[in-house]
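Structure first, then comments.
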Amino acid sequence: MRREIAKELELAIQSLLPLLLKYGEGKIDHQVILLNEIIQIINSDMEENKKDDLIKDMSRSIFPVRGGLTDFYVWDSDESIRIKINQSISDLINKIWDLMR
């Protein structure tokens with residue numbers, strides 16, 4: 001993973017984590033832990049190939065076929081708030097997905 005992409009991934013994760021912690025209600029704690037670990041991997045001094053392999057492996061747990069970030073959705077009775085929150089989260093999740101592939 002090129003350094004620019006890794007930094008972009010780190011920034012996207014750092015933007016997403018507060019939203020997941022605020023709205024996740026403990027339902028995606030595993031993914032939150034993995035995202036934090038990815039930040040640590042990005043900033044580690046391990047070889048780039050090893051970083052890439054670890055991040056690719058972790059992406060399978062972050063984006064499983066069912067559940068995880070793929071199916072994360074926030075409910076709010078106010079439709080405009082619900083749409084705004086979910087659009088922000090969805091945009092970040094999609095960006096992270098694209099960067100991790």
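The values are calculated or read from the model by the stated rules, or taken from the named source; none is laboratory data. All of these numbers come straight from a predicted model, not from anything done at the bench. Note: areas computed on protein heavy atoms with side chains; ligands, DNA, RNA excluded. Shrake-Rupley method; radii C 1.70, N 1.55, O 1.52, S 1.80 Å.
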Length-normalised contact order for the chain - Cα pairs under 8 Å, 6+ apart - percent: 39
Å² per residue, accessible surface of the chain at 1.4 Å: 64
The chain, Cα convex hull volume normalised per residue, Å³: 87
Karplus (6.51, -1.76, 1.60) ³J(HN,Hα), θ = phi - 60°, over the range 91-99, in Hz, Gly and Pro reported as x: 4, 5, 4, 5, 5, 4, 4, 4, 6
